[in-house]
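A.B. asks: After the structure tokens below, expect a handful of questions from me.
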Amino acid sequence: MIDVVYTGDIRHNQKLKNKNHNLLLKELRKLGEVKVSEFYNGKGENLFTDCPFNRGGRDAYWHPDNLRRGQGGGVQVWQYLNAIRLTNNPYVIRLRNDNWFTDSSIKVIIKELKQIINGEHDLSYFGSNWLEGNMGTEYQVMKKYKGVEDFVIAAKREALNSYDEVMAKLKSIGVNHLRSGNKCFGFISNSKKKHKVLCRIYLTRQTYEDYPNEKQVCYDYLISYCTSRDGIDKMKPALEWFENYKPWKNIDYHKREFMDLRNGYTMKLDNMVRHRKST
């Protein structure tokens, strides 16, 4: 009944990833039969069509040092379309290997999928947005938006555009647009019954030895964007929210003292002062 497809890279501690993702899969199985398929980079793509987009360097569409190399958005949609082509259940959920699910985000995903199954809408784009005043949002449906979210995508299969239709559209847009999954995934469906959902899904940015608490994962996710002065300035409101979020006040976490920047400097995080790296 439900296809769960993984695409992209395998990242970090897979035992901890499986423990976390199984929390979501357990709830999905209450809705019906679930088939999990892994189409990761490398062997997982053996049955894929040839990729027409520039993949850039290794991990070109997630590593901070390579964030704008390649045509990562186009690559991610190409992977998604192939996963759709190779599965056949009426409902499909695309996950990333580095997704980290909180209890509240699992409830949101299940609620949205139930609505899709019941015919209330066709597609939900899930993610979190720590800019524009959306810090810590647990559940917000957005009908109007410029770009989609692509942490998790849940869809009714029949509402998706064909492989050829989406690929033709992607090949017609500018190279800069192909860098962003937030732009490219918007072309997978023409349905008027789709929307963006903000919730507390994070992306895992550290390889943990032990199962981390939500506060730690959130902190490491937020701080991963602080690799430049511009990034730090943009993330200041989110970091202030993090420091002042009352339910987490008495929860321990590991706080970094310095952040490596891209220009030969480190940033002391307690006062946001730059220091040149010693040679």
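Quick note: the coordinates plus some simple rules give every number you see, no bench work behind them. From a predicted model like this one, the values you see are computed outputs, not experimental measurements. Glycine also receives a Cβ, built like all others from the backbone with ideal geometry; neighbour counts cover every protein chain displayed.
A.B. asks: Run the helix sum for the chain: -39,500 (n - 2.57) per DSSP H stretch of 4+ residues, divided by residue count, reported at 222 nm to the nearest 500 deg cm²/dmol.
C.D. replies: Details: 7 runs with 84 residues, N = 279.
Computed mean residue ellipticity for the chain: -9500 deg cm²/dmol.
A.B. asks: For the range 117-275, what is the charge dipole size about the Cα centre, in debye to the nearest 20, if Lys and Arg each add +1 at the Cβ and Asp and Glu each add -1 at the Cβ?
C.D. replies: Numbers: 26 positive and 21 negative charges, 129 e Å.
Result for the range 117-275 is approximately 620 debye, rounded to the nearest 20.
A.B. asks: Return the FRET efficiency for the residue pair His12, Glu165: r is the Cβ-Cβ distance, R0 is 51 Å, and the value is rounded to the nearest 0.05. Don't skip to the answer; put the middle values down first.
C.D. replies: Working: r = 35 Å, r/R0 = 0.68.
Once rounded, the FRET efficiency stands at 0.90.
A.B. asks: Something else about it: Looking at the range 82-168, which trypsin sites (Lys or Arg not before Pro) are in a loop (DSSP not H, G, I, E or B) and have at most 12 other Cβ atoms within 10 Å? Present the calculation step by step, with values, prior to reporting the outcome.
C.D. replies: Details: sites: Arg85, Arg94, Arg96, Lys107, Lys111, Lys114, Lys143, Lys144, Lys146, Lys156, Arg157; in loops: Lys143, Lys144, Lys146.
Taking the range 82-168 and a limit of 12 other Cβ atoms within 10 Å, the loop trypsin sites (Lys or Arg not before Pro) found are Lys143, Lys144, Lys146.
A.B. asks: Quick check: the angle from helix 14-28's long axis to the longest principal axis of the chain, C-alpha only, nearest 10 degrees?
C.D. replies: Around 50 degrees separate the two axes.
A.B. asks: If I build a Gaussian network model for the chain, linking alpha-carbon pairs within less than 10 angstrom, which residue out of Leu24, Leu47, Leu160 has the largest mean-square fluctuation?
C.D. replies: Of Leu24, Leu47, Leu160, the most mobile in the Gaussian network model is Leu47.
A.B. asks: Continuing with this model, one more query. Which aspartates and glutamates does Lys193 reach when only Cα atoms under 18 Å apart count, and residues fewer than 8 places away in its own chain are ignored?
C.D. replies: Correct list for Lys193: Glu112, Glu120, Asp122, Glu149, Asp150, Glu158.
A.B. asks: Read through the labelled values [x] 15.4; [y] 17.2; [z] 14.1 and report the label of the one computed as mean projected area of the Cα convex hull in nm² from the structure.
C.D. replies: Among [x] 15.4; [y] 17.2; [z] 14.1, the one calculated here is [x].
A.B. asks: Which of Leu239, Leu81 has the fewest other C-beta atoms within 10 Å, and how do the rest follow up to the most?
C.D. replies: Ascending number of Cβ neighbours within 10 Å: Leu239, Leu81.
A.B. asks: In this model, which of Lys26/Lys143; Lys234/Lys268; Lys107/Lys246 are farther than 25 Å apart at the alpha-carbon? Let's see the in-between values first.
C.D. replies: Details: Lys26/Lys143 29 Å; Lys234/Lys268 16 Å; Lys107/Lys246 22 Å.
Among Lys26/Lys143; Lys234/Lys268; Lys107/Lys246, the Cα-Cα distance tops 25 Å for Lys26/Lys143.
A.B. asks: Then there is this: Would you kindly state the longest site-free stretch of the chain, with sites defined as GluC sites (Glu not before Pro) in a DSSP loop (not H, G, I, E, B) surrounded by at most 10 other Cβ atoms within 10 Å?
C.D. replies: Numbers: sites that count: Glu33, Glu120, Glu132, Glu209, Glu257.
Answer from the scan: 34-119.
A.B. asks: Another question about this same structure. Given a 10 angstrom Cα cut-off, can you work out which residue in Tyr163, Tyr202, Tyr145 is the most mobile in a GNM of the chain?
C.D. replies: Comparing Tyr163, Tyr202, Tyr145 in the GNM, the peak value goes to Tyr145.
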